[in-house]
1. Within region 17-70, how many residues turn out to be of a type in the set (V, I, T) and under 17 Å from P2 (Cβ atoms)?
2. Could you run through region 1-60 and say how many residues are in a strand (DSSP E or B) and surrounded by fewer than 10 Cβ atoms within 10 Å (Cβ to Cβ)?
Amino acid sequence: MPFVNIKITRDGVTPEQKAHVIEGVTNLLRDVMGKNPQTTFVLIEEVETDNWGIGGETVTVRRNRERKGS
């Protein structure tokens, strides 16, 4: 029974987009590995950008800087 954990930042992903990802991942595991979709679990965790770091700084700081064009 496959378990897939996807972590993304919480920033405007719609329920429809998440449903599409869940369906796509489930189908991928079925098609590539022969896994049963009925026993495939997909979990999408949304993380606040203040709690996600890249290169020693939070995603919030990076995005704010990018918005300002620096």
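Nothing in this text is a laboratory measurement; each read-out follows from the coordinates by a stated rule. If you're wondering where the values come from, they're calculated on a predicted model, not measured in any experiment. Cβ: placed from backbone, ideal geometry, glycine included. Neighbour counts: every protein chain shown.
1. We begin by selecting, within region 17-70, every residue of a type in the set (V, I, T); these are 21-22, 25-26, 32, 39-40, 42, 44, 47, 49, 54, 58-61.
Restricting the remaining residues to those that are under 17 Å from P2 (Cβ atoms) gives 21-22, 25-26, 32, 39-40, 42, 44.
Looking only at that region, the number is 9.
2. Qualifying residue count, region 1-60: 4.
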